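A.B. asks: After the structure tokens below, expect a handful of questions from me.
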Amino acid sequence: MRNARAPINVEPEHVTTGDIFADLGFSPARAVELTIKSDLHRSLLEHIRASKMTQVELAKVLQVHQPDVSNLLRGKLNLFSITKLCQYADLLKLKVRIEVEGARPSEKLERSHMRPVQPRSARKNTPRRITESNVSRPTRSAMA
């Protein structure tokens, strides 16, 4: 019988960024959408469990059929839009608040490709004439 054991690995196997959906490879826009849906769903479930309503009672309150309630309770969020989840919250007398925060300095967009637009008063009032020099024409390589 051996008493020697393999050393226990205490190194983390996977380090997350704090955003599970981004870690799973979703685009930033989709990750935000999924985060909003999951937050709404969690709040709805907490309220529903606290109220101890049956699925039939909940279907009447939400004005849906019982299978829709079952899908909601089972977390099938792909079947529900953010708008629909907000409507359910309203029907359950819950208040929904959406907060928008500025980006952290490391997340700010690059604006090097953007130019400021001149105010109308600074622009020339004369209409731009179309001349041979300012009309782009397709080149032969683009036509082939």
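The values are calculated or read from the model by the stated rules, or taken from the named source; none is laboratory data. Note that the structure is predicted; figures quoted are calculated from it, not measured. Note that we place each Cβ from the backbone using ideal geometry, even for glycine, and neighbour counts take in every protein chain shown.
A.B. asks: With the structure loaded, tell me whether residue 111 is at pLDDT below 95, not in a helix (DSSP H, G or I) and not aliphatic (A, V, I, L, M) or whether it fails that test.
C.D. replies: When the stated conditions are applied, residue 111 passes them.
A.B. asks: Inside the stretch 17-72, can you point out the residues that are in a loop (DSSP other than H, G, I, E, B), under 22 Å from the mean Cα position of the chain (by Cα) and surrounded by 14 or more Cβ atoms within 10 Å (Cβ to Cβ)?
C.D. replies: 19, 26
A.B. asks: Further, regarding this structure: Mind listing whichever residues of the stretch 73-90 are surrounded by 11 or more Cβ atoms within 10 Å (Cβ to Cβ) and either outside any helix (DSSP H, G or I) or touching a Pro at 6+ places or on another chain (Cβ under 6 Å) (or both)?
C.D. replies: 75, 76, 80, 81, listed by residue number.
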